[in-house]
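Remarks on the structure that follows.
The values are calculated or read from the model by the stated rules, or taken from the named source; none is laboratory data. Remember, predicted model here, so these are calculated numbers, not experimental data.
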Amino acid sequence: MPLTPWLFTNRLMSSFNMKGKGKKQKLPLESTKTFEAIKVAVLKWDANATEATIKLHAADHLKHAPGRGRAHRGLNIL
């Protein structure tokens with residue numbers, strides 16, 4: 001069976017934010033081994049990357065996951 005090209009689906013990412021705080025009671029990504037692996041991989045791959053920029057981009061990616069999920073189901077409302 002081939003490996004999936006995705007680490008997370010948009011639906012799964014919609015249940016996370018970086019800190020796990022807020023009104024929506026999402027799970028914290030920042031404290032997971034998965035995020036640690038992502039950081040290590042990015043830092044190894046890009047010598048100019050910093051932990052702060054990785055967190056910034058990961059947070060932004062998580063933030064927009066719910067909208068990407070709707071777009072992929074054909075419910076993208078402009």
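Filtering the stretch 42-72 to residues that are in a helix (DSSP H, G or I), modelled with pLDDT of 90 or more and farther than 17 Å from LEU29 by Cα leaves LEU43, LYS44, TRP45.
Taken over the stretch 1-36, the criterion of being modelled with pLDDT under 90 and in a helix (DSSP H, G or I) is satisfied by ASN10, ARG11, LEU12, MET13.
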